[in-house]
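Worksheet: one structure, shown below.
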Amino acid sequence: MHHEQLATIDTVANLFCQATKKTLDKSTGKSVKYSNTLQSIPKVSLRPDLGCFVQFTGDYNGLLVMNFSADAAMELYRSYMLTMGLPESELAKDYTSAEVVDTMGEMTNQVMGRSLRMVESKFDLVSNIGQPKAIALNSAITLTPDSEFQDNRRLVFSLETFRFSMELAMERTQFIQMK
């Protein structure tokens with residue numbers, strides 16, 4: 001039976017999903033789930049209420065965006081800080097506060113670190129990330145990376161009833177493993 005080879009971006013997206021779940025399960029002490037459906041999308045955007053983006057460059061190149069509703073950002077932030085031992089009374093109350101925005105940037109950094117290590121151990125290819133930038137926003141902003149970045153995917157995650165997403169843009173590349 002002939003199996004069509006999964007597009008490289010889908011293989012990478014799958015590893016990113018696993019990495020996101022492992023990283024956030026550990027840092028929030030909760031169970032993060034991801035949808036088993038990957039969406040092919042025309043472009044990547046930062047979406048309200050809080051968006052975070054980071055480029056990765058090296059043996060393969062791309063751009064990753066994490067989008068959180070205010071509620072999802074607050075729940076992730078809260079769980080993360082409580083897991084780190086911060087008392088509830090000291091937590092920020094508003095998703096636009098610097099602490100929440102910075103924490104989402106830090107989580108994205110951790111997720112990407114693990115994602116790229118997983119790709120490296122599977123494919124022996126290395127990519128490095130810049131510093132993730134996180135911003136609170138009230139309207140969507142479309143990011144236009146290199147014209148070579150024509151493949152885009154959206155992955156949807158949930159933490160209890162809160163949903164958030166990851167959007168991934170990659171250069172058109174095919175990882176072909178040599179025997």
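Give the calculated FRET efficiency between Gln150 and Arg117 to the nearest 0.05, with a Förster radius of 22 Å applied to their Cβ-Cβ distance. Let's see the in-between values first.
Values: r = 26 Å, r/R0 = 1.18.
Calculated value: 0.25.
All other residues whose Cβ lies under 11 angstrom from that of Val101 are scored, Lys and Arg at +1 and Asp and Glu at -1, for a net of -4.
Once R0 is set to 35 Å, what does the formula 1/(1 + (r/R0)^6) return for the Cβ-Cβ distance between Glu99 and Thr37, expressed as a FRET efficiency to the nearest 0.05?
Working: r = 33 Å, r/R0 = 0.95.
With a Förster radius of 35 Å, E is 0.60.
Our estimate of slack between Ile135 and Thr11, defined as 0.36 nm per intervening residue step minus the Cα-Cα distance, is 41.8 nm.
For mean projected area of the Cα convex hull in nm², the value calculated from this model appears in [x] 11.7; [y] 11.1; [z] 16.1 under label [y]. Computed over neighbours whose Cβ is under 14 Å from that of Gln110, the net charge equals +2, Lys and Arg +1, Asp and Glu -1. Counting Lys and Arg as +1 and Asp and Glu as -1, what is the net charge of the other residues whose Cβ lies under 10 Å from the Cβ of Ser35? Neighbourhood net charge equals +3.
Charge dipole of the stretch 62-179 (Cα centre as origin; +1 on each Lys and Arg Cβ, -1 on each Asp and Glu Cβ, all else neutral): 440 debye, rounded to the nearest 20. Relative to the longest principal axis of the Cα atoms of the chain, the long axis of helix 8-28 makes an angle of roughly 20 degrees. A dipole drawn for the chain from +1 and -1 charges on Cβ atoms has a positive end, and of Phe68, Leu15, Val100 the residue lying farthest that way is Leu15. The C-alpha atoms of the chain define a longest principal axis, and helix 70-83 lies at about 80 degrees to it. Per residue, the chain reaches -12000 deg cm²/dmol at 222 nm when only DSSP H runs of four or more residues are counted, each adding -39500 (n - 2.57). Cβ crowding within 10 Å ranks Glu160, Glu90, Glu171 as Glu90, Glu160, Glu171, fewest other Cβ atoms first.
Once the Cα atoms are used to define both axes, helix 98-123 deviates from the longest principal axis of the chain by about 30 degrees. Comparing Ala98, Ala13, Ala134 in a Gaussian network model of the chain where C-alpha atoms under 10 Å apart are linked, the largest mean-square fluctuation is found at Ala98.
Read-outs: derived from the displayed coordinates by stated rules, not from any lab. Source: prediction; values computed, not measured. We place every Cβ from the backbone using ideal geometry, glycine too, and count neighbours over all the protein chains shown.
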